[in-house]
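Each remark here refers to the structure printed beneath this line.
Please treat every number below as a calculation from the coordinates, not as lab data. Keep in mind that this is a model prediction, so the values were computed, not measured. Cβ: placed from backbone, ideal geometry, glycine included. Neighbour counts: every protein chain shown.
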Amino acid sequence: MEKDKRGVFTHFKKDVRKRMLTGLLLILPVYVTFFVVKFLFSFVGGTLAPVIKKVLQLCGVALPKSSLDEFIITFFGLILTFIALYFIGIFAANFVGKAIISYFENLLTKTPIIRNIYSSVKQIIHAVSLPGKQAFKRVVLVDFPKEGAKSIGFVTSDTQYNKEQKYISIFIPTTPNPTTGFLIFVPEDTVIDTTLTVEEAFKTLFSGGVLTPRDITAPLKTTHS
């Protein structure tokens, strides 16, 4: 009788754990998405929020007193930011806009310290966002942080060492936050190509390996036979 009770209790604990894990896997993506959207909303919308408050103050309108007022102002700030970006894009596409932008870019690229930051940021943004350009060329496995331990890496470019041996640059993201990571340079023939797409690789990283495809090791092959 006592064994039966223990068996029922053990089964109950396993069932509770399973249901809680299922609920967590369902809620966690929604929870993270909500906070990311909330951050973007506050960040982008808050850019013009002070300007809107100043305009309202000049027009004799009372400053926001409740959370709802702050939300409305932030929402309008978000809309105005998008509108401003649209018109900036139009301005940058015409002859006058190109000339003005070129002048300020030359000014920035000739200013010590600022030129290094500006050039690096511009190159990264263009590599990631421009149509037809692929920041991550392919997904590979590489020995990192030590030989024999495989890490997911993204090939970003290639270079040469002493004008002889070809090296590739690989970005190795951290998990579960793949916005940071390590940049390493290794010979082309030391990496293993995978069949993972960039999206599948990021799913694996975000989930801490939980969502790793089963066939990741089946069709693996090196770039040089």
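Among the listed pairs LYS137/LYS203; LYS14/LYS146; LYS146/LYS203; LYS38/LYS137; LYS38/LYS98, those whose Cα-Cα separation exceeds 28 Å are LYS14/LYS146; LYS38/LYS137; LYS38/LYS98.
Legend: calculated FRET efficiency, LEU56 to ASN116, from the Cβ-Cβ distance at R0 = 35 Å, rounded to 0.05, equals 0.30. Here the simple spin-label model places points 7 Å from the Cα toward Cβ, and for GLU164 and LYS203 these points are separated by 4.4 nm. Here the 3J(HN,Hα) profile of segment 165-175, calculated from phi with Karplus coefficients 6.51, -1.76 and 1.60 at θ = phi - 60°, is 7, 7, 10, 10, 8, 10, 9, 10, x, 8, 10 Hz, Gly and Pro shown as x.
Amide H contacts under 5 Å for VAL186: ILE168, ILE170, restricted to partners 5 or more places along the chain or on a different chain, H placed in the peptide plane at 1.01 Å from N.
Using θ = phi - 60° in the Karplus curve 6.51 cos²θ - 1.76 cosθ + 1.60, the 3J(HN,Hα) couplings for segment 28-34 round to 4, x, 5, 4, 5, 4, 4 Hz; x is entered for Gly and Pro.
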